[in-house]
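Okay, structure first, notes after.
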Amino acid sequence: MIQKILKFITENDMLKANDRVIVGVSGGADSVCLLFTLMEIRREIPLTLAAVHVEHGIRGEDAKEDARYVQRLCQEYDIPFRKYCYRVAEIARERKQSVEEAGRELRYQAFEEACREYHANKIAVAHHMDDDAETVLLNLFRGSGLKGLAGIPAVRGKIIRPLLCVTRQEIERYLWDRGITYRTDATNLTEEYVRNKVRLNILPYAEREINTKAVEHIVKAAGQIKEAEDFLESYAGERFKTCARIQEPKGQGPLTVSLDVSAMSAEKPVIRRLLLRRGTELLAGQMKDITARHIEMLDQLTLAGVGKEAHLPYGIIGRRGYDHIHLFRSMSCSVSGPEDAGPEDAGAAHSDRKDISRNRDRISAEFDYRVPGGVKVEPEEGGILELPGYRFLFKVRKCENSKAFPEKNYTKWFDYDKIKNGVRIRTRQTGDYMVVNSGGDHQKLKSYFIDRKIPRESRDNIPLLADADHIIWIIGYRISEWYKITKDTKRILEVQVEKEN
């Protein structure tokens, strides 16, 4: 068996001479076997080993005896030993996790701490072939995509799994032949946990009633899926560079991944889903709890109407734009505020508003036009107003020639005396409108955005010059006809806007 494991280590480039390896040792058969096989492999590959045992604070005296057993074993073979103790059940409640999930995170946290303490560059854990088959089946039952069906990776970063090439039966035979004792965790023999049901019932039934090599065949199939998945991921990675546009957050806005619908539609469904998965993982930072069903929901947006959404775990939202699917993380996941208040509810959801009434040349950029209610300015005091991404120059003067105003995108002139409720720089809110012709016809701001095909996710960041709910100027787009200079204008408000790079 040692030669089989050594061959697997070499094929997967797990260990090199003089590596310093943290070995996770619970005291059970698998981890004890791992420790002993690595001690044997040291004869072929010079290694420095240190054992780490994690006590979960769940099994009382049995757990303490496990720790004592591992410590004695390490003393006998002159292996450095480090024990970490956690109250896993309590921590799981605090984190709102399952005990298994919290336990796993804490174990790897302990391994990382031990790496720093012992200056180790590898972490060896004792997953074997049966564990791999269990994982593939569990992921299949849970609706995983290709990555989940590829099973447990032999190497992931500094984590290595040298026993993935052997079965539980081979491990127990190895220990029996050498007279090596080990501890048995009684919780592994109960059906309280889902994984145990697969381990104790489904896999034994498959081996007994269907094929004695069921585990081996499941793992072999997972390996083939991994090869195919690696190829598809490589191709999808190249296509992602051309199909996706990553927009860095501006101020408090979200990071957005925009995928070109036309480019994606030219791809096979499997590639589309990989592109969407890649974008989702970029935002979520992980794919736990995100299943193939969630990615399929995003894929359906390619055929959906503009504005349709799909909601995923971690607050990930997919929204259909005119030409793109936009993926972003809900702001409610990272900033405080009403859970369900969207842009249209923002004005009603908050009452705090920031006013500026200063006559200094510069006004601090701590004021943000994107806060509910925006920023109030006193144009008659003049000066420069600096806001995130923009610089505004205000000037009020007498009108001497009502026709001397050229068309400029970022400098506009308005009839100042028609502004009845003061000037605010803000983003959109419910009820906004503007006058669109000399006849005085109104158009809702929302309708204007739709007519101009301005992406929904961009609308919340467009600065507006507003007189209550009457929009004076959609900056970068158009002004309201109501505030245009006429022969009756007495005073002019001049507003010059500079966009910062």
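The residues listed here are 112, 209; of these, the one that is within 30 Å of the chain's Cα centre (by Cα) and acidic (Asp, Glu) is 112.
Reported count of residues in region 121-136, each being in contact with a helix residue (DSSP H, G or I) (Cβ under 7 Å, 6 or more places away or on another chain) and not in a helix (DSSP H, G or I), is 5. Taken as a whole, region 436-447 holds at least one residue that is touching a residue at least 12 places away in the same chain (Cβ under 8 Å), surrounded by 21 or more Cβ atoms within 10 Å (Cβ to Cβ) and more than 18 Å from residue 485 (Cα to Cα). For region 1-107, the helices (runs of 4 or more DSSP H) that sit wholly inside it and include 2 or more residues that are surrounded by 17 or more Cβ atoms within 10 Å (Cβ to Cβ) and modelled with pLDDT under 90 are 60-76, 88-95.
In region 44-52, the condition of being over 20 Å from residue 119 (Cα atoms), assigned by the TED database to the domain that holds residue 181 and over 33 Å from the mean Cα position of the chain (by Cα) is met by at least one residue.
Let's see how each residue does on (1) among the small types (Gly, Ala, Ser); (2) in contact (Cβ under 8 Å) with a residue 40 or more places away in the chain; (3) in a loop (DSSP other than H, G, I, E, B); (4) outside the structural domain of residue 131 (by the TED database):
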| position | (1), (2), (3), (4) |
| --- | --- |
| 170 | no, yes, no, no |
| 174 | no, yes, no, no |
| 180 | no, yes, yes, no |
| 198 | no, yes, no, no |
| 202 | no, yes, no, no |
| 206 | yes, no, no, no |
| 209 | no, no, no, no |
| 217 | no, no, no, no |
| 224 | no, no, no, no |
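So is residue 236 aliphatic (A, V, I, L, M), buried (at least 18 other Cβ atoms within 10 Å of the Cβ), in the same structural domain as residue 32 (by the TED database) and assigned to a helix (DSSP H, G or I) or not? Taking the combined requirement at face value, the residue does not satisfy it. Evaluate region 236-258: report whether one residue or more is closer than 19 Å to residue 148 by Cα and of a type outside the set (Val, Ile, Thr). So far as region 236-258 goes, yes, one or more of its residues are closer than 19 Å to residue 148 by Cα and of a type outside the set (Val, Ile, Thr). Candidates 460, 451, 467: the one that is loosely packed, with under 13 Cβ neighbours inside 10 Å and assigned by the TED database to the domain that holds residue 419 is 451. Across region 150-161, not a single residue is classified as touching a helix residue (DSSP H, G or I) at 6+ places or on another chain (Cβ under 9 Å) and part of a helix (DSSP H, G or I).
Every condition in (1) exposed (fewer than 14 other Cβ atoms within 10 Å of the Cβ); (2) over 28 Å from residue 446 (Cα atoms); (3) out of contact with any Pro (no Cβ under 6 Å at 6 or more places or on another chain) holds for residue 313 except the one numbered (1).
Please determine, by comparing only the residues of region 293-305 that are surrounded by fewer than 19 Cβ atoms within 10 Å (Cβ to Cβ) and touching a residue at least 40 places away in the same chain (Cβ under 8 Å), which one is farthest from the chain's Cα centre (by Cα). Of everything passing the filter in region 293-305, 302 is farthest from the chain's Cα centre (by Cα).
Can you find even one residue in region 70-78 that is within 26 Å of residue 42 (Cα to Cα) and in contact with a helix residue (DSSP H, G or I) (Cβ under 6 Å, 6 or more places away or on another chain)? No.
The values are calculated or read from the model by the stated rules, or taken from the named source; none is laboratory data. It should be emphasised that the depicted structure is a prediction, and the values quoted were computed from it without experimental measurement. When we count neighbours, we look across all protein chains shown, and the Cβ atoms used for this are built from the backbone with ideal geometry, even at glycine.
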